[in-house]
Amino acid sequence: MRQLLALLLLGALGCGYRFTAPGGALPEGLRAVRAPMFDNKTGEPTAEVFFTQAFREQLTRAGTLGGDGTEAVVMGSLENVSGAVVLAGIDRTSGLNKLPTYRLSAAVRLTLQQGGRVLADVSVSGAEDYLSGADLLLTEANRSAALRRLADSMMREGYERLASR
């Protein structure tokens with residue numbers, strides 16, 4: 001029985017599983033930080049809401065989200081959001097026009113400060129693909145969902161980078 005348990009534990013460790021809280025500890029032993037609404041330097045209306053919410057969710061998961069009285073703060077800035085057509089053309093088997101596939105890209109800067117002193121400063125960028133819809137409303141719904149997925153993945157990476165400083 002012990003051999004089976006040891007084998008399972010060894011297998012789980014070999015597969016990349018971790019038995020720790022996500023993200024890790026913040027620099028200089030910080031136990032809590034606050035995250036005010038990110039600055040939006042793009043032409044993408046309300047995109048900062050998605051990124052701020054995603055970052056606060058990462059702080060919550062790591063147990064480090066603080067309230068208004070928390071001295072340490074992470075200032076976020078949405079630096080860029082852009083989109084481009086990735087794939088469009090004709091389906092070779094049917095001869096019909098394919099609906100285009102789009103790629104949404106973004107860049108965010110996160111600055112961890114305590115008492116006016118910068119403890120860590122990281123930039124995160126990423127991209128997410130989404131499908132065109134049969135109409136404009138479906139395409140916009142797909143774009144919005146892609147922006148949320150992109151915010152989630154980028155803010156996970158952003159928190160991990162801050163925590164590793």
Does residue 153 fit the bill of being without any contact (Cβ under 8 Å) to a residue 24 or more places away in the chain, part of a helix (DSSP H, G or I) and under 17 Å from residue 78 (Cα atoms)?
no
In segment 81-100, how many are in a strand (DSSP E or B) and modelled with pLDDT under 90?
10
If you check every pair at least six apart or on different chains, which have Cβ atoms under 7 Å apart with a residue in segment 55-80 that is surrounded by fewer than 16 Cβ atoms within 10 Å (Cβ to Cβ) and modelled with pLDDT under 95 first and a residue that is part of a strand (DSSP E or B) and of a type in the set (D, E, K, R) second?
67/34; 68/34
Considering every residue within segment 19-41, establish whether at least one is surrounded by 12 or more Cβ atoms within 10 Å (Cβ to Cβ) and modelled with pLDDT under 65.
yes
Quick one: how many residues across segment 141-164 are under 11 Å from the mean Cα position of the chain (by Cα) and among the polar types (S, T, N, Q)?
1
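The values are calculated or read from the model by the stated rules, or taken from the named source; none is laboratory data. The structure presented is a predicted model; accordingly, all values stated were derived computationally and were not measured. We place every Cβ from the backbone using ideal geometry, glycine too, and count neighbours over all the protein chains shown.
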